[in-house]
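Everything on this sheet refers to the single structure shown next.
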Amino acid sequence: MADGQIGSPKTPVNIEITEVLEEGRRRGDEYREGKEAEKETSEDWPARARGIPGQLEKAIERKVAKGYAPKCRLVIYLNMSTYRILQKETEAAIAAVKAKYADKFDEICILWQDKLL
C-alpha cells in the first residue's frame with residue numbers, strides 16, 4: 001500500500017513519501033527530549049553537503065527494499081540545508097543518485113532548499 005495518492009479518482013498515482021535528515025538525527029528529537037539543537041558553524045556546511053548523496057541513497061534504498069510497484073512516485077523532503085555551499089556539486093550528486101534508482105520508481109521528486117529537483 002502506498003503512502004498516498006495524487007491525481008484524480010479516474011487516474012490515481014501512487015506516491016511514497018520520505019524525509020532525509022543528517023545521520024543520527026530524527027525529526028523533533030531535540031525538542032521532545034528538551035535538548036537544544038546542536039550548534040553549527042559555516043565550517044560544518046561543506047561536510048553536510050558531501051554527506052547528502054549517501055543519506056539520500058540510504059533513504060531511497062529503504063523504500064526500494066519495501067518492494068513497491070514501479071508505477072509509484074517517490075517524493076523526498078531532503079531536510080539538510082547547506083546554505084548554498086557546494087550547491088552545484090550537490091545538485092549534480094543528487095541527480096546521479098536519482099538516475100541510479102530511476103528504474104525503481106515512476107519518478108523521484110526531491111524537495112531541497114526550496115527547489116524541486
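Structural remarks
- Within the set Lys39, Lys58, the sole residue that is charged (D, E, K, R) and at pLDDT 90 or above turns out to be Lys58.
- Val13 under 16 Å from the mean Cα position of the chain (by Cα) and hydrophobic (A, V, I, L, M, F, W, C): no
- Long-range neighbours under 7 Å by Cβ, at least six apart or interchain, first residue among the charged types (D, E, K, R) within segment 1-14, second assigned to a strand (DSSP E or B): Asp3/Ile15; Asp3/Glu16; Asp3/Ile17
- Residue in segment 17-28 that is under 30 Å from Gly4 (Cα atoms), out of contact with any Ser or Thr (no Cβ under 9 Å at 6 or more places or on another chain) and polar (S, T, N, Q) present: yes
- Verdict on Ile85 being touching a Leu at 6+ places or on another chain (Cβ under 8 Å) and in contact (Cβ under 8 Å) with a residue 24 or more places away in the chain: no
- Verdict on Thr82 being under 19 Å from Leu21 (Cβ atoms), of a type outside the set (Phe, Trp, Tyr) and at pLDDT below 95: yes
The values are calculated or read from the model by the stated rules, or taken from the named source; none is laboratory data. Worth saying up front: this structure is predicted, and the values here are computed from it rather than measured. All Cβ positions, glycine included, derive from the backbone under ideal geometry; neighbour counts span all protein chains shown.
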